[in-house]
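Below is one structure, written out as structure tokens; comments come after it.
Just so you know, all these numbers are worked out from the coordinates, no wet-lab data involved. Since this is a predicted model, take the numbers as computed values, not measurements. A quick note on method: Cβ atoms are made from the backbone with ideal geometry, for glycine too, and the neighbour counts reach across all protein chains shown.
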Amino acid sequence: MLQPIIPPSRLPWDHDLGRKLFEPADDKFWQAVRREDPELFKSIKPWNRIVEPDPLRALLVECGVTDPVVVAEPGTHLFDIPED
């Protein structure tokens, strides 16, 4: 059951592991998409608009969140084996 978040509460948001997570494969993929159908070039990745704190903060405000605090926490995720 969903519960409302009542201020002052914190909502952890694990949105993205970074813009370059899948590079260089991501760039190669999107270049191939652009060659096949330029209208689809990155058009199906709307989450790229909120990978930085300011655009995410603006989205939250637009959705009615009052005075959201958005903090980027850099980090890495290590893999023990290639299959991870």
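What to note about this one:
- Peptides ranked, highest mean first, by Cβ atoms within 10 Å: ranges 49-60, 29-40: 49-60, 29-40
- Extension gain, V61 back to F29 (0.36 nm per residue minus Cα-Cα distance, nm): 8.2 nm
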